Amino acid sequence: MNLEKVVKQKKVVLATDAPFWEGKMGSHQRILAIVKELKNHCSLKIFFFGTIGLQRRIQIQEVGLENMVVSYKDFDQHLNPEEAGLPKLSSFANVQGLKKRRHNAFYTTFAQYLAVAQPNVVLIEYIYLAYLQDAIPSNCLKLIDTHDVCVFASIVFISIKCSMQFLCQFPIKRNSLS
């Protein structure tokens, strides 16, 4: 069996609201590095929770991601989850500080896109979008890149029986005596 061929057949969807192709912040550079590596090993699509105007299309093309980035607005029919035939949003990550980041439109459009794309793996960028796990089919590997030191957060998610895997970024401390 050709392992490279099997890996290439995997469909991965990365979901983010960060226009990482602009490269303005370190977190954007991190996502861009992940995307550049993933696109070499699988069929990758990026589901972007934002508008993709002309300037963004040019930037996306300049970093080599043409035809890979899809805006949620391409799927937005202004439906609430029940109207779209989806389960109601769970209370997962519905805490005071994150409520402003929870959007029915993000959830319904993401679920509709995933139903069409049928990915094997879904990678969500940033912990505040973790509520989108409700839209991910049960047969997909669910990952979240938290972009922070989250050892204790992982313990909390495990304690509430969250079925997602977490990619944690741990700072590397150099020995000051060397």
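Quick one: which helices (runs of 4 or more DSSP H) lie wholly within region 1-91 and hold at least 1 residues that are under 24 Å from Arg102 (Cβ atoms) and either at pLDDT below 90 or among the aromatic types (Phe, Trp, Tyr) (or both)? Outline the logic, then answer.
Details: elements: 3-8, 26-38, 54-62.
Hits in region 1-91: 26-38.
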**Asked** In region 26-55, how many residues are without any contact (Cβ under 8 Å) to a residue 24 or more places away in the chain, closer than 19 Å to His147 by Cβ and surrounded by 12 or more Cβ atoms within 10 Å (Cβ to Cβ)?
**Response** 2
**Message:** Here is a list: Ile144, Ile155. Which entry is of a type in the set (A, V, I, L, M), at pLDDT below 70 and not in a loop (DSSP other than H, G, I, E, B)?
**Reply:** Ile155
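The values are calculated or read from the model by the stated rules, or taken from the named source; none is laboratory data. These numbers were taken from a predicted model, which means no experiment stands behind them. Using ideal geometry, Cβ is built from the backbone for each residue, glycine included, and neighbour counts are taken over all protein chains shown.
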